Amino acid sequence: MDMHAIIGTIAERVPTTFDPTDYVGDDGLIYCGHCNVAKETTLDFGFMKRKVPCICNCGKQRRDANDRKRNAEQEHMRVKGLQELGLPGRELYNWTFENDDGRDPDLINAMRKFVEQFDWFYKNKKGLLLWGGTGSGKSFAAIAAANALMRLERPCLVTSFTRIAHKLSDQRYGKQDYLDNLNTFDLLVMDDLGAERNSEYMQEIVFDVINTRYNSGKPLIITTNLTIEEIKKPAEMSNARIYDRILERCVPIPVNGASRRRIKAAEDYCEVQRKLGLI
Ligand SMILES: [Zn+2]
């Protein structure tokens with residue numbers, strides 16, 4: 001490519017558009033009629049001079065706005081991708097803090113703080129155990145936190161032991177590979193512990209999932225209808241090894257109780273309770 005062609009290529013790459021309000025300045029260059037900045041410049045190569053387009057202030061603003069728009073679109077696509085991967089159904093995309101019905105502001109506020117301080121939870125290997133009766137908003141709170149983290153581009157997976165058992169019954173998934181894959185997510189939400197069938201097979205799956213997550217040290221949110229007493233003193237001793245691991249890593253938060261109960265719930269977890277603004 002000769003020098004003229006190279007200069008021509010440079011000129012073509014400058015995204016300058018000319019406008020009817022543009023005018024020619026005293027120096028013979030074209031100026032923008034809006035910002036009065038030159039849209040051309042003279043390149044002096046010694047052996048030749050050449051006028052090439054350059055960008056005025058309005059052009060820069062347009063370019064930056066386009067960059068921002070493109071970045072926002074790309075971010076939106078990345079978040080959509082995380083949601084598709086991380087949520088079991090599209091209806092859950094809208095389970096967000098913004099769509100909260102305001103029934104339990106303490107809980108939602110605590111979950112917001114969990115998201116804001118997620119790095120601390122991640123570093124300190126702490127998660128949450130949301131326990132309370134059916135319809136108390138535990139799943140909503142957990143999934144809203146996952147959605148908020150995914151918007152920050154942190155990969156999260158929302159699933160249940162029943163769903164995992166179903167996946168594992170499909171021979172295409174190697175069990176250990178599947179379990180290891182769960183740890184690629186920064187946050188794992190296991191919805192409705194205790195709702196799964198009470199069989200030896202299911203118990204093994206629950207143990208394997210909890211144990212794999214426990215070993216990884218990555219945060220876990222568990223929701224359950226079980227009471228904290230049932231978790232602390234399980235009727236079946238075979239559940240004790242599961243629940244012990246959960247209690248070691250997940251701070252119990254009672255969900256359908258008044259705030260006072262919530263404050264009293266876990267004196268051993270003061271630091272986390274403070275972080276969540278519950279005390
Ligand atoms: Zn301009």
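The values are calculated or read from the model by the stated rules, or taken from the named source; none is laboratory data. Note that the structure is a prediction, hence the values are computed from the model and not measured. For neighbour counting, all protein chains shown are included, and Cβ atoms are generated from backbone atoms with ideal geometry for every residue, glycine included. We work out accessible area using only protein heavy atoms, side chains counted, and drop any ligands, DNA or RNA first. Shrake-Rupley method; radii C 1.70, N 1.55, O 1.52, S 1.80 Å.
Here are some residues: Val52, Val37. Which one is within 16 Å of the ligand (Cβ to nearest atom) and in contact with a strand residue (DSSP E or B) (Cβ under 9 Å, 6 or more places away or on another chain)?
Working: Val52 fails: within 16 Å of the ligand (Cβ to nearest atom).
Of the residues listed, the single one that is within 16 Å of the ligand (Cβ to nearest atom) and in contact with a strand residue (DSSP E or B) (Cβ under 9 Å, 6 or more places away or on another chain) is Val37.
Being assigned to a loop (DSSP other than H, G, I, E, B) and open to solvent by less than 90 Å² (accessible area, probe 1.4 Å): is that true of Leu247 here? Reasoning before the result, please.
Details: assigned to a loop (DSSP other than H, G, I, E, B): no; open to solvent by less than 90 Å² (accessible area, probe 1.4 Å): yes.
It is false that Leu247 is assigned to a loop (DSSP other than H, G, I, E, B) and open to solvent by less than 90 Å² (accessible area, probe 1.4 Å).
Looking at the structure I just gave you, is Tyr178 in contact with a Leu (Cβ under 9 Å, 6 or more places away or on another chain), of a type in the set (Phe, Trp, Tyr) and assigned to a helix (DSSP H, G or I)?
On the way: in contact with a Leu (Cβ under 9 Å, 6 or more places away or on another chain): yes; of a type in the set (Phe, Trp, Tyr): yes; assigned to a helix (DSSP H, G or I): yes.
In short, yes.
Taking Ile242 as the residue in question, decide whether it is in a helix (DSSP H, G or I) and surrounded by 14 or more Cβ atoms within 10 Å (Cβ to Cβ).
yes
Considering only segment 62-87, state which residues are in a helix (DSSP H, G or I) and surrounded by 14 or more Cβ atoms within 10 Å (Cβ to Cβ).
We begin by selecting, within segment 62-87, every residue in a helix (DSSP H, G or I); these are 62-86.
Residues satisfying the conditions are Arg62, Val79, Leu82, Gln83, Gly86.
Which pairs turn up if I take residues in segment 48-67 that are under 19 Å from Ile30 (Cα atoms) and look for partners that are surrounded by fewer than 16 Cβ atoms within 10 Å (Cβ to Cβ) and basic (Lys, Arg) with beta carbon separation below 8 Å, at least 6 apart in sequence or on another chain?
Qualifying pairs under 8 Å: Ile55/Arg63.
Pairs only if they're at least six apart or on different chains, beta carbon under 6 angstrom, first in segment 124-142 and closer than 12 Å to Arg103 by Cα, second modelled with pLDDT under 95 and open to solvent by 20 Å² or more (accessible area, probe 1.4 Å); list them, first residue then second.
Ser136/Asn256; Gly137/Asp104
Looking at Gly59 and the list (1) surrounded by 13 or more Cβ atoms within 10 Å (Cβ to Cβ); (2) small (Gly, Ala, Ser); (3) at pLDDT 95 or above, which single condition is not satisfied?
In the conditions (1) surrounded by 13 or more Cβ atoms within 10 Å (Cβ to Cβ); (2) small (Gly, Ala, Ser); (3) at pLDDT 95 or above, Gly59 misses (3) alone.
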